[in-house]
Amino acid sequence: MRIDIATLFPDLCDTVMSESIIGRARRKECFELHCHQIRDYTLNKQRQVDDYPYGGGPGMVMNAQPIHDCCLEIIRQNEAQGLPRPHIVFMTAAGQPYTEEKARQLAQLPNLLLVCGHYEGMDERVIEELADEEISIGDYVLTGGELAALVVADSVLRLQPGVLSAPEGYQEESYWNGLLEYPQYTRPEVWQGRAVPPVLLSGHHANIEAWRAQQARERTRQRRPDLWEKYCKDRGETEKE
Ligand code: ADE
């Protein structure tokens, strides 16, 4: 998979994507990631990327032109590599809510372009012109789309072959099957007077599986009634204790 990020802070994005699990996988070439400076596509001497909003109001709005020209160059680079035109996602607080299900969909694509706004937003016309979709990572407002793009890139890339050391790892995690993850423990057996649940030391795999499934269900029911309701409905089960 190839991911491109169009941003005013390419070094920030590049640094985050060079560390830890994603950084290691990037060096192993499990995927390709490129960060692009939108400011490089300005046509004015000051390299200014934003202007006052028509109609007045606080803050500045990013101009359509540099975002557009940056995206066209990214599309050209993808096509020169024999890839299709990338799926284009604009990161905005007004987008559709991001979920693991969306991460799984995006992870199937050969290439993806994430576009980050800054300031009070972007000229709507460049979104209309280029966006396949707009995504929000939650009901709160960030100062820019970079953290949102990094959340999307991380959650999509961890699903690519070779990124995680144990591929079955992500199947058990939160949201994969609609339930929250069961609690995990490691050594020592007793810490600060708190013992590991005895079933996990029993070596009885069927009992361990049953305990974990029960914990996942119970946690979901208590912490996320919204997810629990959907889980039960999808399985045609009535709510259990
Ligand atoms: N830009 C500003 N806030 C955002 C959010 N919540 N999600 C995605 N992009 C954003």
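A short reminder: the numbers here are calculations on the coordinates, not readings from a lab. Remember, predicted model here, so these are calculated numbers, not experimental data. For neighbour counting, all protein chains shown are included, and Cβ atoms are generated from backbone atoms with ideal geometry for every residue, glycine included.
Only four residue types carry charge here, +1 at the Cβ of Lys and Arg and -1 at the Cβ of Asp and Glu. Report the dipole size of segment 175-235 about the Cα centre in Debye, rounded to the nearest 20.
Value, rounded to 20: 140 debye.
With +1 on each Lys and Arg Cβ and -1 on each Asp and Glu Cβ, how big is the dipole of the chain about its Cα centre, in debye rounded to the nearest 20?
Dipole of the chain, to the nearest 20 debye: 840 debye.
For a footprinting-style exposure proxy, rank E218, E209 by other Cβ within 10 Å, fewest first.
Working: E218 16, E209 11.
With the sparsest Cβ surroundings first, the list reads E209, E218.
Taking the beta-carbon count within 10 Å as an exposure proxy, list K230, K45, K102, K28 from fewest neighbours to most.
Lowest count first: K45, K28, K230, K102.
If I model a spin label as a point 7 Å beyond the Cα along the Cα-Cβ vector, how far apart are those points for R47 and R187 in nm?
It is 5.3 nm.
Sorted by packing (mean other beta-carbon atoms within 10 Å per residue), highest first, where do 15-25, 54-64 land?
Going from most to least packed, we get 15-25, 54-64.
Expressed as a rounded percentage, what relative contact order does the chain have, with Cα pairs under 8 Å and six or more residues apart?
After rounding, I find 19 percent.
Once fully extended, how much extra length lies between Y140 and R104, figured as 0.36 nm per residue of separation less the alpha-carbon to alpha-carbon distance?
Here the segment from Y140 to R104 would lengthen by 10.7 nm.
May I ask which residue of M17, V61, I38 lies farthest towards the positive end of the charge dipole of segment 1-73, with charges of +1 (Lys, Arg) and -1 (Asp, Glu) on Cβ and the Cα centre as origin?
M17
In cubic angstrom, how much convex hull volume per residue do the alpha carbon atoms of the chain span?
191 Å³
State whether segment 188-241 is rounded, prolate or oblate according to the following rule on the C-alpha gyration tensor (a ≥ b ≥ c being the square roots of its eigenvalues): a/c under 1.5 gives rounded; otherwise a/b larger than b/c gives prolate, and the remaining case gives oblate.
Because a/c hits 1.5 or more and a/b fails to exceed b/c, segment 188-241 counts as oblate.
Mind sorting T143, T92 by how few other Cβ atoms lie within 10 Å of their own Cβ, fewest first?
Exposure proxy ranking, most exposed first: T143, T92.
Once R0 is set to 51 Å, what does the formula 1/(1 + (r/R0)^6) return for the Cβ-Cβ distance between D40 and Q215, expressed as a FRET efficiency to the nearest 0.05?
On the way: r = 51 Å, r/R0 = 0.99.
Calculated value: 0.50.
Considering only DSSP beta bridges where both residues belong to the chain, give the percentage that are antiparallel (nearest 5).
Close to 20 percent.
Going toward the positive end of the dipole of segment 175-235, with +1 on Lys and Arg Cβ and -1 on Asp and Glu Cβ, which of T220, N177, P198 do you reach last?
T220
Tell me, in nm to one decimal, what length is gained between Q160 and Q77 on full extension, where the rule is 0.36 nm per residue of separation less the Cα-Cα distance?
27.7 nm
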